[in-house]
Amino acid sequence: MAIERTFSIIKPDATRRNLTGKINALLEGAGLSIIAQKRIQMTRENAETFYAVHKERPFFGELVDFMISGTVVVQVLEGENAIAVNRDVMGATNPKDAAEGTIRKTFAESIEANSAHGSDSAENAAIEIAYFFAGSELVG
Ligand code: CMP
């Protein structure tokens, strides 16, 4: 298995409820190392650019409003098979479909306020990491 990096966001519903540490414990418990992390307030432009792939979807406007409704924690996670491992520990997008013990089953409020985002492919991970982090911030 390859050592990979993936991009993660702890979303405003989770930072608002002070769940950053609990979510980080689940990520680290799954074998992922948090090699970069910062708490930021996304601008509308950030959120629209980040989620541009969803811009034709009916939920796009509400998703952007939600993502700028509070601070988020953006992260780079590293580990063996990190992209798939992170998606497993997050659980399904809709918390109603997420497995027991996953971040979204445990903490998410709804399909929109679903506590965490994780890259869905190596290609998107590289794009998403580069959007939020300078190379000098990735110290391994
Ligand atoms: P995320 O993994 O960050 O990618 C897109 C986000 O859109 C998703 O998590 C959800 O938070 C949000 N979203 C809101 N409504 C829907 C929906 N009906 N289907 C999929 N994603 C949705």
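The values are calculated or read from the model by the stated rules, or taken from the named source; none is laboratory data. Since we're looking at a predicted model, the values are computed, not measured. Note that we place each Cβ from the backbone using ideal geometry, even for glycine, and neighbour counts take in every protein chain shown. Keep in mind that these areas ignore ligands, DNA and RNA; they rest on the heavy atoms of the full protein, side chains included. Shrake-Rupley method; radii C 1.70, N 1.55, O 1.52, S 1.80 Å.
Structural remarks
- The set of residues in region 92-120 being over 13 Å from the mean Cα position of the chain (by Cα) and assigned to a loop (DSSP other than H, G, I, E, B) consists of ASN94, ALA98, ALA99, GLU100, GLY101, THR102, GLU109, SER110, ILE111.
- Test: residue in region 1-12 that is at pLDDT below 95, in contact with an Asp or Glu (Cβ under 9 Å, 6 or more places away or on another chain) and open to solvent by 50 Å² or more (accessible area, probe 1.4 Å): yes
- Subset of region 24-81 [over 17 Å from GLU128 (Cα atoms) and charged (D, E, K, R)]: GLU28, GLU56, ARG57, GLU62, ASP65, GLU80
- Residue pairs meeting the criteria (Cβ under 6 Å; at least 6 apart or on separate chains; first free of Cβ contacts under 8 Å to residues at least 24 places away in the same chain, in region 51-73; second away from the ligand (no atom under 11 Å from the Cβ)): VAL64/GLU48
- When residues of region 38-62 are limited to those that are within 11 Å of the ligand (Cβ to nearest atom) and not in a helix (DSSP H, G or I), the one surrounded by the fewest Cβ atoms within 10 Å (Cβ to Cβ): PRO58
- Selection status of VAL89, buried (at least 22 other Cβ atoms within 10 Å of the Cβ), in contact with a Leu (Cβ under 7 Å, 6 or more places away or on another chain) and assigned to a helix (DSSP H, G or I): yes
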